[in-house]
1. For the range 466-559, what log10 I(q)/I(0) values come out of the Debye formula at q = 0.11, 0.13, 0.17, 0.19 1/Å, with one point per alpha carbon and no solvent?
2. Excluding Ala567 itself, calculate the net charge of residues whose Cβ lies under 10 Å from the Cβ of Ala567, where each Lys or Arg counts +1 and each Asp or Glu counts -1.
3. Debye calculation, C-alpha points only, no solvent: report log10 I(q)/I(0) for the range 120-193 at q = 0.12, 0.16, 0.20, 0.27 Å⁻¹, in the same order as the q values.
4. Excluding Glu63 itself, what net charge comes from residues whose Cβ is under 14 Å from its Cβ, given Lys and Arg +1 and Asp and Glu -1?
5. Going by C-beta contacts inside 10 Å, put Tyr223, Tyr498 in order with the fewest on the left.
6. Quick one: compute the contact order of the chain, relative version, from alpha carbon pairs under 8 angstrom and 6+ residues apart, as a percent.
7. Looking at the chain, send over the antiparallel percent of its DSSP beta bridges, to the nearest 5.
8. Hey, how many Å between the Cα centroid of the range 335-407 and the Cα centroid of the range 213-239?
Amino acid sequence: METQKKRQNNESGMILMASTMGIFIILSIFAFYLARFSITETRNGAYHVLDIKARNLALTGAEHGMYIYKSSRNNDGVNINNISGNLNNGVYVVSFDSDNNELTQALPYTQYLTMMSSATIDDVKRNIRYIISSLPEAFCFSFYGNNSSNHTFSNSNGTISGDMFFNGSVGSGSGTSSGITYISSGSGGTQISSFPSFPYIDSTLYENLLTSAAQSPGVYTNYSLNFDGSNQYIQISNSNDINTGSNNHSQKTIEAWFSVDNKDITSRKQTIYEQGGAVRGLNIYIYGGSLYVGGWNEPSNESNWNPGTFLSTSSIENNTWYHVALTLDGGSSVTSNAFKGYLNGVEFGSGDGSKLWNHGGDVSVARNRDTKFHSGDYNSAKYFDGKIDEVRLWNITRTQAQIASKKDTVLNGDENGLTSYFNFQENSGSIANDTQTQSNNDGSIINSPSWVSGPDLSKMSNSSYLNETVNLSSFSNNQLLVNNSLTISGSTFNGPGYIVADGNITISSSSAINGNIFIISSGSITITDSQVGTDINTPVICYSKGNASYSNSNIYGLIVSKGSSLALDGSDVYGAILNYSSSFSLDGDTDIIGSVVSKYAADLQSNLVSITKGNIPEFAGLSIGLDPFVVPGSYLEY
């Protein structure tokens, strides 16, 4: 019995021990899974924190991108590339797409662009995007009327398509025909309590340019010297810059304007310019109805450029101003096409040439002392009978484009390679001043030739252009500044650049103003039968402080009118109008595709007039004075 009792006790102990061990194992397993759950939750919590940080970093990148985009709009020529930065152990990258959204789907308007910001911290990445409009919110409407004169908008003519806003009442049937007519109060539309304000334009750029135009020299009175063909000339001393010195002269450009009294004289060569002598030299002269440019370097132990090259053209008339240029780009031996001649910026011939070894002797304008001619003769004075102006000596080989672009303008005097510049603006005295700033090679005026009017060069007077092609890149800082009214007729202007007048601007007769150009007037702008802007991607900005009138013309870009009246008649505008004028009329077959924002009501005077919500230029890199904005509801996380 006692033995059985001991056995039972032992068995109970074993059961208790086994039960205890089982409970311990269960508790251990539970503790293990509890620990794993705790670790997982910690990891999830940390990931959540990083996710929040990455999202905030993406927002920071977007804010930076918006600032850069806005800044680029206020500084001409700034291009936006991908923007990146580091913050809080993460990296953000901001990119822009002017055509598509984040899914490569086309944006609804050309003035929209997508700004995408991506942020990464460790292995957590967040992406966000905004849609930005290049113009303020008021331009989201086809027509926005601020209605400063408190009128009811009432038009029985024309049509408006797309959502419009008018600050006040709209008469029955006078709102948009396709879209919603929004109003601030009154009747005739859908009232909205919150609406965009009339946009502010920063006029700093425009006013600064108008100030520069007002301070420009104004109409340029151009003088020249008239030589009698007998004994009058200009003598220029030997100079290291021009003909002597230890450095051989491998590159040369000689330019001048001339008007000859009798081109057909054969009793002498009428010399416009000469340097050197019978052995080495350059010259420009007229003989037997033709204009010649010549160059030579005879010694056989030098280049043996002998007898030299003489190029000619007969495309000249008496008593007519022409621009002539010769260029030399030679080496130690004679090579082809090293010597060229140009008339009015167009090449008329090319031939062999070499550099010129240094050569003493006379340097003269309007006389030859002993340089040679195409016929081989020399050693006798050959004087010019006529007018000469704008003599320019360069120690570089100017290209045809450089010659053509600068021949009609006044040089600054500090241009690269310019060694002597005689513009004869003294109008008295016996010294021809060298007005270039690198050195001083003044000439002596011999036997008193008379000062007379020089050629009427368009880029000197700047106030009138008739049937011309003008590249604004030929002006300093791409700015045509006119201290006067400006008239453009039948002409083409190529940009980018600025046309600025401290006066009125008139453009007519099938003129074309092409490519990213600002037209700025302190007075009125009148454009008739012309095209302004090339397309929606190469716009023009028209800014007038006086009245503005656009008739039978196409306008691509932005019209800003700050005078008392703005009138469009039979014209198409592809872009935007910002109108401050109290009198605002649209007549004839006038179509505006884009947006109209007006401080006052618009008067649609014809059934053919239409205003349609459409594309507006992005004005990328152009400081137009209007700030971009984020399109409402465009924020997206993806």
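1. -0.24, -0.34, -0.61, -0.79
2. Surrounding charge for Ala567 is -3.
3. For the range 120-193 at q = 0.12, 0.16, 0.20, 0.27 Å⁻¹, log10 I(q)/I(0) is -0.41, -0.59, -0.83, -1.26.
4. Residues near Glu63 contribute +3 overall.
5. Arranged by neighbour count, lowest to highest, Tyr223, Tyr498 become Tyr223, Tyr498.
6. About 15 percent, as a whole number.
7. 55
8. 18
Computed from the coordinates by the stated procedures, all read-outs in this text should not be read as laboratory data. What you see is a predicted model; the values in this text were computed from it and never measured. We place every Cβ from the backbone using ideal geometry, glycine too, and count neighbours over all the protein chains shown.
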